[in-house]
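Engineer: One structure coming up, written as structure tokens, with questions to follow.
The values are calculated or read from the model by the stated rules, or taken from the named source; none is laboratory data. Given the structure is predicted, the values throughout are model-derived calculations rather than measurements. Here the Cβ positions follow ideal geometry from the backbone for every residue, glycine too, while neighbour counts run over all protein chains shown.
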Amino acid sequence: MGERITAPKGTYDILPADQAVRRWVIGVASEVFRRYGYGRLDTPMFEETRLFSRGVGESTDIVRKEMYTFEDLGGRSMTLRPEGTAPAARAYVEHGMHTRPQPVKLWYHWPMFRYESPQSGRYRQHYQLGIEAFGSESPLIDAEVIGVLAALYREIGLAQVELRINSMGCRECRPGYVASLRAFLEEHAVELCPECWERARINPMRTFDCKVRGCRLVLEGAPRLTGSLCPACAEHHDVVRRHLVMQDIPFVEDHRLVRGMDYYTRTTFEFQSAVLGAQSGVGGGGRYDDLVETIGGPPTPGVGFGTGVERILLALERSRSDLPSAQPPSVYLVALDETSRSEVFALAHELRTAGLAVELDHMGRSVKGQMKQASRSGAPFAAILGEQERADAGVTLKRMSTGEEQQVPRIEVLERIVEAGEDER
Ligand SMILES: [Zn+2]
Ligand SMILES: [Zn+2]
């Protein structure tokens, strides 16, 4: 045997047993998105690197140290998609969606690739569900987008989530604020960690993300953007808040909520889950009115969110015990002798062609062994076929829950199993 090869660090396999709950979450999400008028978008898993360096921002952690960037054989710099908003904006522009009636509402379920440190509990390939609404400046659509995510969490039964909101201002009011924050940070430089010196220089608002205690203490006294919003941004934020209340969505104002992308303007939000630990975001997003222009499109406002599927699943596992699991087959076929195996094989083919999920033995197991597999499979019935059944053109149908057996003409097997299944529902 050669040296064993394992999955790359920070990645994982999704095994058959893990698929049911995942498929259910994605199904609920796609139904919620449909109800709010979103259409599904899929884009390539890799894009030109400059889409992210320009769109997400050179100064962000994502672009500086988390991207999977490679040169293709044609010498072009490509990057595995680290987030969904920039590719969605790219597709919006490329397909002339700005000429359609606005807003254009898109949703996705995509793998994302980031070089995360594995200790953080985050994956280097993870899946995100997200939506993007392009073309409307209305604060009502911010409130609606937050409402979509709240509806998703509610409908999958994700309890104990807390919504935090903030405003990042706009290109009118933010630069003045950033300058005063930078001045404040320079004044307190000796009390800050080295990483925050760096942040103070390239993106001062990111210092609010620092987990170091000393930095947090200093930042308690820092000027707040909420105090320097221009009248238009203040009004926008106020209308968003009112329309959250209207949807019965409780929220907390959090001036430290800056999120990791440069493109956010005005509304930012994050849902945090108590079961994932303090300050642990399960999903969030915000408004990005300058993004489409930054990547070469016409000036177009936008707002959206992304929510990590693994984070949702982890929070669900920790808070619910009644999650969907894999469906058992409808029937397990048992051959009583070697000659009946072909007959069982033919019956399996018939029933599967008619739409039933059917299992049978392929390991030469004894009758006892096959019965054991039948009960392990979770199938409500075993259909048993031997010499006698072959002679009678029949099947012995055994109800696994009661052990009760019944002779059934072979042509009625399908009907009996389907009827019994409907009775149990
Ligand atoms: Zn403003
Ligand atoms: Zn710091």
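Engineer: With respect to A420, determine if the residue is without any contact (Cβ under 8 Å) to a residue 60 or more places away in the chain and touching a helix residue (DSSP H, G or I) at 6+ places or on another chain (Cβ under 7 Å).
Structural biologist: No.
Engineer: While we're looking at this one, here's another question. Say we look at region 189-222 and pick out the residues that are surrounded by 15 or more Cβ atoms within 10 Å (Cβ to Cβ) and away from ligand 2 (no atom under 11 Å from the Cβ); which of these is modelled with the lowest pLDDT?
Structural biologist: For region 189-222, the residue satisfying everything is N203.
Engineer: If you check L347 against the conditions, is it within 26 Å of L41 (Cβ to Cβ) and either touching a residue at least 24 places away in the same chain (Cβ under 8 Å) or assigned by TED's automatic domain parsing to the domain that holds H126 (or both)?
Structural biologist: For L347, the condition - within 26 Å of L41 (Cβ to Cβ) and either touching a residue at least 24 places away in the same chain (Cβ under 8 Å) or assigned by TED's automatic domain parsing to the domain that holds H126 (or both) - is not met.
Engineer: Does region 303-316 contain any residue that is surrounded by fewer than 17 Cβ atoms within 10 Å (Cβ to Cβ), of a type in the set (V, I, T) and in contact (Cβ under 8 Å) with a residue 12 or more places away in the chain?
Structural biologist: no
Engineer: Still on this model: When region 153-171 is examined, which residues are found to be of a type in the set (G, A, S) and surrounded by fewer than 18 Cβ atoms within 10 Å (Cβ to Cβ)?
Structural biologist: Once the filter is applied, which keeps residues that are of a type in the set (G, A, S) and surrounded by fewer than 18 Cβ atoms within 10 Å (Cβ to Cβ), region 153-171 yields G157, A159.
Engineer: Being under 26 Å from L149 (Cα atoms), part of a loop (DSSP other than H, G, I, E, B) and polar (S, T, N, Q) is true for just one of T300, T307. Which residue is that?
Structural biologist: Criteria check complete, one pass: T300.
Engineer: Please verify whether region 243-257 includes one or more residues that are more than 23 Å from I131 (Cβ to Cβ) and either β-branched (V, I, T) or within 16 Å of ligand 2 (Cβ to nearest atom) (or both).
Structural biologist: So far as region 243-257 goes, yes, one or more of its residues are more than 23 Å from I131 (Cβ to Cβ) and either β-branched (V, I, T) or within 16 Å of ligand 2 (Cβ to nearest atom) (or both).
Engineer: Tell me which of these D290 doesn't satisfy, since it passes every other one: (1) within 30 Å of R241 (Cα to Cα); (2) among the acidic types (D, E); (3) out of contact with any Ser or Thr (no Cβ under 7 Å at 6 or more places or on another chain).
Structural biologist: The one condition D290 does not meet is (3).
Engineer: Within region 127-236, which helices (runs of 4 or more DSSP H) (wholly inside it) include 2 or more residues that are away from ligand 1 (no atom under 15 Å from the Cβ) and over 22 Å from R256 (Cβ atoms)?
Structural biologist: Correct list: 139-155.
Engineer: (1) surrounded by 17 or more Cβ atoms within 10 Å (Cβ to Cβ); (2) assigned to a strand (DSSP E or B); (3) under 16 Å from the mean Cα position of the chain (by Cα): which one isn't true of P82, the others all being true?
Structural biologist: If we test P82 against (1) surrounded by 17 or more Cβ atoms within 10 Å (Cβ to Cβ); (2) assigned to a strand (DSSP E or B); (3) under 16 Å from the mean Cα position of the chain (by Cα), just (2) comes out false.
Engineer: So, L244, is that one part of a loop (DSSP other than H, G, I, E, B) and either within 16 Å of ligand 1 (Cβ to nearest atom) or closer than 25 Å to V148 by Cβ (or both) or not?
Structural biologist: Criteria not met by L244.
Engineer: Taking the condition of being in contact with a Ser or Thr (Cβ under 8 Å, 6 or more places away or on another chain) and among the acidic types (D, E), how many residues in region 353-372 meet it? Spell out how you get there, then give the answer.
Structural biologist: Step one: filter region 353-372 for residues in contact with a Ser or Thr (Cβ under 8 Å, 6 or more places away or on another chain), giving 356-359.
Keeping just the survivors that are among the acidic types (D, E) gives 359.
Of the residues in region 353-372, 1 are in contact with a Ser or Thr (Cβ under 8 Å, 6 or more places away or on another chain) and among the acidic types (D, E).
Engineer: For A326, work out the one condition from (1) hydrophobic (A, V, I, L, M, F, W, C); (2) farther than 20 Å from E405 by Cβ; (3) modelled with pLDDT of 95 or more it doesn't fulfil.
Structural biologist: (3)
Engineer: Moving to a separate point now. Is at least one residue of region 131-152 at pLDDT below 90 and either more than 30 Å from H243 (Cβ to Cβ) or in contact with a helix residue (DSSP H, G or I) (Cβ under 6 Å, 6 or more places away or on another chain) (or both)?
Structural biologist: No: region 131-152 contains no residue that is at pLDDT below 90 and either more than 30 Å from H243 (Cβ to Cβ) or in contact with a helix residue (DSSP H, G or I) (Cβ under 6 Å, 6 or more places away or on another chain) (or both).
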